[in-house]
Amino acid sequence: MCDENGNHRTFNNCKDSMITEIRAGVGKEELKKMKCIRFFVKNQINRSEFKVTFVILFLLGTGGMIMGYAQNYQNDLVFLRSAADNFLLTSTESRVIKMMFSLCFPLLAAALCTGYRRGNALFSMLRMNKKQYIYGNALVVIGITVISFMSVLGLNQLLCFVAFPLSGSDNRWGMTEYDLMNSFQADLLFDIWSVQNPYVYNLLYIVIISILAGGIAFLDYGLGYVKRLGQLKPVLLSVLVFLVFIALFVIGDLLDIPAISFLAYIEPGHAVNLVQYAAFTGCIYVLGMVLTIKGKKEYEYI
């Protein structure tokens, strides 16, 4: 067997050459994907909407711990609660910050990564088809939102570790440890963990809140491809998503259906379960996916 220059090549040499070329091609493709992901991430975090929203989220996370510390400063050790009980979502001292975080949660999740807007000509520089661009950007929007909420809430818990003891002499229920161990309610989400290991309890809430936030961001991203809604300013679209979730909260409260209220999964102590959470969050992700797929079909090649 000879190559283009007439040189003899053995079968093994040809095989090695083909393998090298395939690996080089795969390497180039992976490198291209990494560059695209890096571009998507940089484009999202450099947006003014992301910077402002993340600062607000960060201030809520750190502000809750600071308020709790100020309330407990110079208190007797007998009344000092653990780091788990001073977590943003379970603390009674930072109740105001917790209410602000809970009520503004859909707005913060939707506004953190507003996704692509048709007027952004920067994306026309990318050499990719509409499927790669739209789906790639959607994954980045979900990923950034989930990581942002998880990091802020995780930071709040870490700061509580620094400021408060691991095991406090008091608790937010004002009950003895024996009574507390026998007082959990099985119909409340993760309530068994609130008495067995409150740190696992807090971690579970950090995870489900972050995943739900990613779904809301995905929904906001998908709505951006609806013709009329896509013409709105990103902030207005985020406000619209916020009002939809507030409406669901009001309807759920009036009809006594907590499963359709986002607050049931943000605030500890609601009578919901993991199946209802999966159904609620899953519907949000599915709706975002449907809108994104529809946008892919209607949107022209870049």
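Cα convex hull of region 197-302: mean projected area in nm², to one decimal?
Values: hull surface 32.3 nm².
Averaged projected hull area, Cα only: 8.1 nm².
Maximal additional length on extending the N197-R38 stretch stands at 53.4 nm, based on 0.36 nm per residue less the C-alpha distance.
When I56, I66 are compared by accessible area at a 1.4 angstrom probe, the order from most to least is I66, I56.
The values are calculated or read from the model by the stated rules, or taken from the named source; none is laboratory data. Computed from a predicted structure; not experimentally measured. Ligands, DNA and RNA are excluded from the accessible area calculation, which covers all protein heavy atoms including side chains. Shrake-Rupley method; radii C 1.70, N 1.55, O 1.52, S 1.80 Å.
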